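Please see the structure below; I have some questions.
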Amino acid sequence: MDFNYSSLLNYYQEQNFNPVPINVEEKSLWDDHISKRQNLYQRHLMIPVPFFNNRSIIEFGCNSGENALYLASLEAKLTLVEPNDQVLSRLKSGFKKFGFERRIKALVNKDIAGFESDTFYDVIIAECFLNQLSNGEEMFLKICKFLKPGGLGIISFDDRYGSFLEVVRQLVLKRICQLKDVNGPYSEDSLNLAKSLYGADFKKINASRPFKAWWKDVLVSPFVSWTYLWTYQQFISLLNKAGCEFYSSSPKWSSFDHFSWYKNVPSTKNRHQQLLEDWYKFFPFFLSGIPCFREEVKSATSDIVEGVSKLMKMISEYIDNKVSINTLLYPRELDNYLANNKKTELIRFNTEIKTIFNGLKSDNIDEIISSYHNAEYVRTLWGTPCHYICFMKA
Ligand SMILES: C[S@@+](CC[C@H](N)C(=O)[O-])C[C@H]1O[C@@H](n2cnc3c(N)ncnc32)[C@H](O)[C@@H]1O
């Protein structure tokens, strides 16, 4: 990258943008927002929303507070911790407009590292940023200390393999910007190019934020790169250290508790091990977002997973101007694995991704754009970049 930012917060403040400005001002938009949050909590994470009533909840990195507004509407007692003072006026005016100001017990303008308290909470929340901190693992362990025994934690992280398609989209944009000599990743030219590549497809998904915020927070963000992407393996090991147990996830993918008799009680360690073994069976789902059932695909091997990780690392290095485009090779193990399975969607996914990779080697911008635009199936896929996990303190 041509710019250096010392932290995620520094990036948001220097670039002066709100990464997740969710529009909730009109009734229909508010209704849409709460139906998405309810779907997340209740159907995906399996937390009936009346659970939040009167609970003490601390949310770190709440940004301008749109998600906290929903918890306020459920009569939760909120402590909000947000280091970016640029977003606090929107947060305050939102709570005022909805008449939920008294639901905020404390609003603290600090980051996790600077936050201290001897209070324990029923619920802790940290969505969409922990993995982007240089000390994210340490900060995760710190926030778990504020959780009461039996309390629930809800966090989300950008998954390394789930972010495959986002990283490929970063790559296509970067390659064209490089060939066109676009003046910096944050320029209007870069935004316009991104719109011409991805704008029409982005409009078709149920995103909550505008394209421009997604472009800046994902496509050209220096904090969406290999170094910052977490894995389930890494996260489960953190849960073990924090004395917490996996409860649920969104997207839901694992069926490791299914078909077992409740009187056969596994230890937390065994449940976590089973979850990670299951993970290999669903690897193609992580990469592509295509639903995969056990009988349809074989488990991935560690060679296949390692090959994808290496490729993604190289892509991030290319985006950082450290290696040339010719060093990016589509992994043979992945190609064999996807090409030789029963699921036609995965075969098509593999063929189209390979075509995009081959197209990128050309110096002809129109050829690159058409190889991306012709990948009609891949264009409808967004992988599974953001994984929510709910867990319980022992
Ligand atoms: C991508 S936004 C997510 C906002 C909100 N949680 C959501 O999911 O919509 C990341 C948020 O984390 C905040 N943040 C960045 N660094 C932080 C830190 N070290 N401690 C706490 N919050 C931080 C940012 O200011 C921003 O509000």
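The values are calculated or read from the model by the stated rules, or taken from the named source; none is laboratory data. Source: prediction; values computed, not measured. All Cβ positions, even for glycine, are placed from backbone atoms using ideal geometry, and neighbour counts span all protein chains on display.
Take T119 and tell me if it is farther than 22 Å from N18 by Cα and either β-branched (V, I, T) or not assigned by TED's automatic domain parsing to the domain that holds K142 (or both).
Spelling it out, T119 is indeed farther than 22 Å from N18 by Cα and either β-branched (V, I, T) or not assigned by TED's automatic domain parsing to the domain that holds K142 (or both).
Count, please, the residues in the range 49-70 that happen to be under 12 Å from K105 (Cβ atoms), crowded, with 23+ Cβ neighbours inside 10 Å and in contact with a Lys or Arg (Cβ under 9 Å, 6 or more places away or on another chain).
2
Under the condition of being of a type in the set (K, R) and free of Cβ contacts under 8 Å to residues at least 12 places away in the same chain, which residue from the range 6-47 is nearest to S250 (Cα to Cα)?
Ranking the candidates gives R43 first.
Have a look at F293, F349 and point out the one that is crowded, with 19+ Cβ neighbours inside 10 Å and either touching a helix residue (DSSP H, G or I) at 6+ places or on another chain (Cβ under 9 Å) or of a type outside the set (D, E, K, R) (or both).
F349
If you go through the range 126-144 one residue at a time, do you hit one that is surrounded by 14 or more Cβ atoms within 10 Å (Cβ to Cβ) and away from the ligand (no atom under 16 Å from the Cβ)?
Scanning the range 126-144, I find no residue that is surrounded by 14 or more Cβ atoms within 10 Å (Cβ to Cβ) and away from the ligand (no atom under 16 Å from the Cβ), so the answer is no.
Return only the number of the condition from (1) loosely packed, with under 15 Cβ neighbours inside 10 Å; (2) under 22 Å from H387 (Cα atoms); (3) within 13 Å of the ligand (Cβ to nearest atom) that P19 does not satisfy.
Condition not satisfied by P19: (1).
Here's something else I'd like to know. Search the range 304-322 for residues that are charged (D, E, K, R) and pair each with any residue that is in a helix (DSSP H, G or I) when their beta-carbon atoms are under 6 Å apart and the residues are at least 6 apart or on different chains.
What qualifies is K313/W226.
F115 fails exactly one of the following numbered conditions: (1) over 25 Å from Q15 (Cα atoms); (2) among the aromatic types (F, W, Y); (3) within 12 Å of the ligand (Cβ to nearest atom). What is the number of that condition?
(1)
Can you tell me which residue within the range 182-236, out of those that are over 30 Å from W279 (Cα atoms) and either hydrophobic (A, V, I, L, M, F, W, C) or touching a strand residue (DSSP E or B) at 6+ places or on another chain (Cβ under 9 Å) (or both), is nearest to the ligand (Cβ to nearest atom)?
Ranking the qualifying residues of the range 182-236, first place goes to A213.
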